[in-house]
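*Asks:* Quick one: the structure is below, and I'll ask about it shortly.
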Amino acid sequence: MHPSTPRPAPGAVPTPLHRRRHARGAAALAVVATLALAVGGMPAAARPRVAEKVPVAVGSGGAVATVDPEATRVGLEVLARGGNAVDAAVAAAATLGVTEPFSAGIGGGGFFVVLDGETGVVQTIDGRETAPAAMGPDAFVDPATGAAIPFPEAVTSGLSVGVPGTPRTWQVALDTWGTLSLRDALRGAERVARKGFVVDETFVSQTAANAERFARFPATAELYLPDGAPPAVGSRFRNRDLAATYDLLGRQGVDALYTGALAEEIVATVQDPPVAEGVTGVRPGLLETSDLAAYTAPLREPTVVRYRGLDVYGMAPPSSGGSTVGEALNILETQDLGALDETAALHRYLEASALAFADRNRYVGDADVVDVPLAELLSDGFAAERACLVDPAAALVKPLAPGTPDGDYAGCGTAATGGPEAAEGTSTTHLTTADRWGNVVAYTLTIESTGGNGIVVPGRGFLLNNELTDFSFVDGQGGSDPNLPGPGKRPRSSMAPTIVVQDGVPVLAVGSPGGATIITTVLQVLVNRVDRGMDLAQAVAAPRASQRNRAAVEAEPGFPREGLAALGHTFTETAEIGAATGIEILGEGHFMAVAEPVRRGGGSAGVVDPDPGS
Ligand code: GLU
C-alpha cells in the first residue's frame, strides 16, 4: 500500500457513480507520517474533529465511519498520525470491542475487505469462527429428544462458541497491509478501556435486554451489571480487564490467545461454563486448546459482479454476503431501475432479493467443506434465468424454490414455492475506513447475538461468541443443507462488507449489522445510491425493507407500501433494520463518511480534515 497525492475534489454534490473519474498519484507522505508518530504527538492542524455522534462528514485526509464516536475518533487519530486505512480499521474495531462489547470483540469473528490504493486489488480476510474438531452434524440435536435444541438454550451455552477469529484477523491485516504494530494499533482502544467512556442509551438498553442471562454468570454480571443492574446513561464505564488483555496481546501477539494462557482460559470457560450458584442447564462446549492452536484467518478472493459499469466486491463463502448481494444485483441489472417509478423499482428489489435468498439458503455454506457453485450463482446466465421469473404486475408467492445454477440457462427457471427459511440473530457492527493513499477497508465483525453467548471469560473483560448457532441445527433440505455443523467448519454468515470500484478506483464502501438483513440492507443502500438518485447519506437514511424469501416483507415505518401491497406484497412492521456505515470517495483524497442518523441511536462519521462549513 503506497501513499498517493491528496487533492480535494470541488464538493460533495451527489453525482451518479458511473460518471466519476479519478486518477492515482504517489507522494512521500508516509515519511511525514512516520515522523509524526515517532514524536508521539499529533499536529494540531491534523487533529480530527469528531466528538459526538455525527451521521455525515465531508472532507479530506482520510475518513472513518462506525457506530460509535470513540471508535471513530480513535480511527481518525490513527489516520491523522499517518496510519493507513487498515491501521485505522483495526484500531477502531478494537475500540468497538470496548464501547460496543455486545456486538463485537476479540471473542468473536468477522470479515475484512480491503482495497489496496496502490494496486487497486481487493482482498479479503476470512476471520470467521470455526467449529471444534469434535463437532459433528448433530451437535445441535438433543440426544434425549432427537429434536433441535431450543435456540435460546443453544445461544447461551458453551456449545455455540467457535474459535474466535478477530484477534487473528487484526494480526493478518496489520502484517499484510498495515504500518502499525498490533501494540500500537491497540493503544487507543486500551486507553478507552482503562479511562472509560460515557455510557449511552444503546449500551444500557442492550445490557438491560441481556440482564437476566448475564446474571447467570458472575464474571459477566460483575462487569456489565455493577450493583446488580445496568450502568446509568451518562456514567463512565471502564473495563480494566479488557485493557490488560489488549496490553497482553500487544506485548505477546495474538498467540497469547491462540496458544497461551488465554487459550486455556477460553477452553475452560467453554467446557465448564462458570455459572452462578444454583444455575443449571448451561450446556458445555466441545472446544479444545488444539482447536484454537489450529485457527487461521485466510486471505480469500473476494466475490465480484459488474453492476452498471461498477465492480462490486464482496465477501465470499463462508459468508453468503457477497454471493447473495451479487446475485441480486445481477438480477436487477436486467432492468433499468432508474427508469422505473418508485413502486416498480422497489418491487424489483424485493423480488431479486427473495430469489437470491432462495439460492443462498440452498447452496451457500463453508466452501472449504461443501461444494458451493459460486461462479454459477454469480453468473449473468443464472441471473437471467432467475430474473425471467419476476412478474412486473404481481409479487411471486414466497418462499420461492432455489434455482439450478448448473451452467445451462436456456429457459426461464421454475418459480415453485417451498424453499427453506432460515432463522438468524440481529447484532454485529460494521465499520468503514479510507485513507489519503486510496486504501479502503470495509470490515464487519460480530459475536453473533447481542451479548454473544453471555459469558465473559473470567478476569479478561470480553464476551465469547455464539457464532455456531449460525449453523442449521437440523437438515431441513432432505440431505442437501450446506450449512450443517462439521469439524473445523465455519458457519454460513450473512455479513456483507462491500467495496465498489470504478475503473480500478474505489468509489464507495458500505456494510451493516443485522443478521440476514445485512444482505438486504447493503443491497438497498447500493440500489438507492446507484439507481435511485440518492447520495450516500440519503441512501443510508432511507426507510428499509427486507425480503428474505419469506411470506411477508419486513419493513420499517416510512417504507412506501401502498403500491407494493397492490402488487401482492405483504408486510410485517419492524422498528429498524440494520445500522449501516459507509464512505463515498468523492474525488482524490476527498470523502463523504456516513453513519446512521437514527437507527441504534445513531452512528459516528468523521474525516481527518473536514471541509469548511461541513
Ligand atoms: N452471525 C451473523 C452472521 O454472520 C451476524 C450477526 C448478526 O448481525 O445478527 O451473519
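The values are calculated or read from the model by the stated rules, or taken from the named source; none is laboratory data. The shown structure was predicted, so the numbers you read here are calculated from the model rather than taken from an experiment. With ideal geometry, Cβ positions are generated from the backbone for all residues, glycine too; neighbour counts draw on all protein chains shown. Please note that ligands, DNA and RNA were not included when accessible areas were found on the heavy atoms of the full protein model with its side chains. Shrake-Rupley method; radii C 1.70, N 1.55, O 1.52, S 1.80 Å.
*Asks:* In a Debye calculation with equal point scatterers on the alpha-carbon sites of segment 289-383 and no solvent, what is log10 I(q)/I(0) at q = 0.13, 0.19 Å⁻¹?
*Replies:* Computed log10 I(q)/I(0) values: -0.49, -0.88.
*Asks:* A follow-up question, please. Find the Cα radius of gyration of segment 295-450, compare it with 2.2 N^0.38 Å by division, and give the number to two decimals.
*Replies:* Here the answer is 1.11, to two decimals.
*Asks:* Of the heavy-atom accessible surface of the chain (probe 1.4 angstrom), what whole percent is carbon and sulfur? Mind showing how you got there, number by number?
*Replies:* Numbers: 10900 of 20580 Å².
Within the chain, the accessible surface is 53 percent carbon and sulfur.
*Asks:* Another question about this same structure. Quick one: Debye curve from the C-alpha atoms of segment 168-265, no solvent, what's log10 I(q)/I(0) at q = 0.18 Å⁻¹?
*Replies:* Result of the Debye calculation: -0.94.
*Asks:* Moving on to the next point. Please sort 445-451, 387-393, 129-135, 197-203 by packing, taking for each peptide the average over its residues of neighbouring beta carbons within 10 angstrom, highest first. Kindly include the intermediate steps, with their values, before the conclusion.
*Replies:* Numbers: 445-451: 28.6, 387-393: 15.0, 129-135: 22.9, 197-203: 17.3.
Ranked from most to least packed, the peptides come out as 445-451, 129-135, 197-203, 387-393.
*Asks:* Explain nothing, just the number: dipole magnitude of the chain about its Cα centre with +1 on each Lys and Arg Cβ and -1 on each Asp and Glu Cβ, in debye rounded to the nearest 20. Intermediate results must be reported in sequence, preceding the final value.
*Replies:* Numbers: 45 positive and 69 negative charges, 334 e Å.
For the chain, the charge dipole is close to 1600 debye.
*Asks:* What percent of all Cα-Cα pairs in segment 268-326 falls in each 5 Å bin, counting up from 0?
*Replies:* 4, 15, 13, 11, 10, 10, 11, 10, 8, 5, 3, 1, 0
*Asks:* Which whole-number percent of Cα pairs in segment 489-578 have a distance greater than 15 Å? Present the calculation step by step, with values, prior to reporting the outcome.
*Replies:* On the way: 2542 of 4005 pairs.
Roughly 63 percent, once rounded to a whole number.
*Asks:* Can you say what percent of the DSSP beta bridges in the chain, counting only those with both residues inside, are antiparallel? Round to 5.
*Replies:* Working: 67 of 71 bridges.
Restricted to the chain, the bridges split so that about 95 percent are antiparallel.
*Asks:* Still on this model: Under the Karplus relation 6.51 cos²θ - 1.76 cosθ + 1.60, θ = phi - 60°, what is the ordered set of whole-Hz ³J(HN,Hα) values for segment 52-67, x standing for Gly and Pro?
*Replies:* 9, 6, 10, x, 9, 9, 10, x, 10, x, x, 8, 9, 9, 9, 7
*Asks:* In addition: Largest first and to the nearest Å, give the Cα extent of segment 63-149 along each principal axis.
*Replies:* Principal axes ranked by extent give 58, 32, 17 Å for the Cα atoms.
*Asks:* Hull surface divided by four, with the convex hull built on the Cα atoms of segment 100-180: how many nm²?
*Replies:* 7.6
*Asks:* With no solvent and one equal point scatterer placed on each C-alpha of the chain, evaluate the Debye formula and give log10 I(q)/I(0) for q = 0.09, 0.12 Å⁻¹, two decimals.
*Replies:* Scattering profile of the chain, log10 relative to I(0): -0.65, -1.18.
*Asks:* I would also like to ask the following. Taking the convex hull of the alpha carbon atoms in segment 143-208, what volume per residue do you get, in Å³?
*Replies:* Spread over its residues, the Cα hull of segment 143-208 gives 164 Å³ apiece.
*Asks:* Using the Kyte-Doolittle scale, find the helices of the chain whose mean hydropathy is at least -0.5 and whose Cα atoms extend 30 Å or more along the helix's long axis, counting only whole DSSP H runs.
*Replies:* On the way: long enough: 342-363 (31 Å, -0.45).
The answer, listed by residue number, is 342-363.
*Asks:* Further, regarding this structure: Grab the DSSP H runs of the chain that are 4 residues or longer, score each as -39,500 (n - 2.57), total them, divide by all residues and round the 222 nm result to the nearest 500 deg cm²/dmol.
*Replies:* Numbers: 19 runs with 193 residues, N = 614.
Theoretical 222 nm ellipticity from helices: -9500 deg cm²/dmol.
*Asks:* How many percent of all Cα-Cα pairs in segment 380-419 sit more than 13 Å apart? Kindly include the intermediate steps, with their values, before the conclusion.
*Replies:* On the way: 389 of 780 pairs.
Value for segment 380-419 (Cα pairs over 13 Å): 50 percent.
*Asks:* To continue, here is another question. Sequence neighbours fewer than 8 away in the same chain don't count; with that in mind, list the lysines whose C-alpha is under 22 Å from LYS195.
*Replies:* Those lysines meeting the cut-off are LYS53.
*Asks:* How big, in percent, is the set of alpha carbon pairs in segment 465-614 lying more than 18 Å apart?
*Replies:* Numbers: 7311 of 11175 pairs.
Result: 65 percent of Cα pairs exceed 18 Å.
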